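Colleague: Sharing a structure with you now.
The values are calculated or read from the model by the stated rules, or taken from the named source; none is laboratory data. The structure displayed is predicted, hence computed values, not measured ones. A quick note on method: Cβ atoms are made from the backbone with ideal geometry, for glycine too, and the neighbour counts reach across all protein chains shown.
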Amino acid sequence: MNGGDYLTPSLMLALLAGCGIGGGIALFVAALVGWARPAGTKVSASKQIAAFLRRRAGAAILVGLVVLVALRWPVAAVGAALLVLFWPALFGGARSERVALARVEALATWTEALRDTIAGAAGLEQAIGASARTAGDTLRPHLLTLDDRIRSRMPLSEALDRLADDLDDGGADLVIAALKQSAGLRGEGLRDVLTDLAGSARAQVGMRRRVFASRAGTRRSVQIVVGVIVSVVVGMRVFNPSYTEPYGTPQGQAVLALVLMLFAVGLVWLQRLSRVPAPKRFLVKQTGAAS
């Protein structure tokens, strides 16, 4: 074996391992000290990125190092680290869906409470104040803020627009828009509108429950497929190393990188197929946001 044949594979593996470990260390340090926020960057966005890194970067680095030591495949180590890092984006979303579902259900319950509170000549402003304190936990803080704004003499239409911005949900916009349109009604007219609104919100809750259950099954299936594939690859590498020996060469690592890229494209595609777009917001300000 001449010097060129010996050095080329070792050099390639060392470069790949150095890139993977160096990138992992950089992410780990960034998770600890945070990112330097450029001028003009929104604070909320930087906080979300830092929180995401703190939660996932350490686990991703640890898994990548374990895979590198166990398999001695730098490409597999980088792929495993990226899989852990982006696991919530590929297989998550259940928590946010539960929050959105709870919010729409709380809106339906609150709309029914509004309808039942209105009596005689009582208007929407009085009904909001009476029903805000008994609303669901996900909605009560926003409704109490709405009541405070109304009590401070803010016009009802503007207060409802602010509520829509606070909730930031397309389904909530439907209810709030109808409330704005019916704000001048009294008695039976307003109660009829609120009854229709509550029925529409309940129908939306049922639809979202069915979609949520369907997506949960899809996520479980994809997770099982990923787990089986990873287990088979690790098992072959550990118990039958001669079969996977070609992947230890630079050419094999290049082929493995291509396979992992196709696998990642498939996962992203499945995630997009299972995504159900939420109703788009339409109660948005056309001018600069008010302070």
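Colleague: Sort through Gly217, Gly170 and tell me the only one that's over 17 Å from Ala113 (Cβ atoms), of a type in the set (Gly, Ala, Ser) and touching a Pro at 6+ places or on another chain (Cβ under 7 Å). Steps first, please.
Modeller: Numbers: Gly217 fails: touching a Pro at 6+ places or on another chain (Cβ under 7 Å).
It is Gly170.
Colleague: Sticking with this structure for a sec: Name the residue, out of Val259, Val211, that is surrounded by fewer than 17 Cβ atoms within 10 Å (Cβ to Cβ), over 25 Å from Arg162 (Cβ atoms), at pLDDT 80 or above and out of contact with any Gly (no Cβ under 6 Å at 6 or more places or on another chain). Before you say what the answer is, go through the steps one by one.
Modeller: Working: Val211 fails: at pLDDT 80 or above.
Answer to the selection: Val259.
Colleague: On to the next question. Determine which member of the set Ala76, Ala81 is touching a residue at least 40 places away in the same chain (Cβ under 8 Å) and either touching a Gly at 6+ places or on another chain (Cβ under 8 Å) or of a type in the set (Asp, Glu) (or both).
Modeller: Values: Ala76 fails: either touching a Gly at 6+ places or on another chain (Cβ under 8 Å) or of a type in the set (Asp, Glu) (or both).
Among Ala76, Ala81, only Ala81 is touching a residue at least 40 places away in the same chain (Cβ under 8 Å) and either touching a Gly at 6+ places or on another chain (Cβ under 8 Å) or of a type in the set (Asp, Glu) (or both).
Colleague: Answer yes or no as to whether Leu68 is in contact with a Pro (Cβ under 7 Å, 6 or more places away or on another chain), part of a helix (DSSP H, G or I) and modelled with pLDDT of 80 or more.
Modeller: Values: in contact with a Pro (Cβ under 7 Å, 6 or more places away or on another chain): yes; part of a helix (DSSP H, G or I): yes; modelled with pLDDT of 80 or more: yes.
It is true that Leu68 is in contact with a Pro (Cβ under 7 Å, 6 or more places away or on another chain), part of a helix (DSSP H, G or I) and modelled with pLDDT of 80 or more.
Colleague: Next question, about the same structure. Would you check if there is a residue in the range 97-119 being of a type in the set (A, V, I, L, M), farther than 27 Å from Met207 by Cβ and either surrounded by 15 or more Cβ atoms within 10 Å (Cβ to Cβ) or within 24 Å of the chain's Cα centre (by Cα) (or both)?
Modeller: At the first step, the residues of the range 97-119 found to be of a type in the set (A, V, I, L, M) are 99-102, 104, 106-108, 113-114, 118-119.
Narrowing further to those that are farther than 27 Å from Met207 by Cβ: 118-119.
Narrowing further to those that are either surrounded by 15 or more Cβ atoms within 10 Å (Cβ to Cβ) or within 24 Å of the chain's Cα centre (by Cα) (or both): 118.
Yes, the conditions are met somewhere in the range 97-119.
Colleague: Based on this model, can you work out whether Ala39 counts as in a loop (DSSP other than H, G, I, E, B) and modelled with pLDDT under 70?
Modeller: Numbers: in a loop (DSSP other than H, G, I, E, B): yes; modelled with pLDDT under 70: yes.
Criteria met by Ala39.
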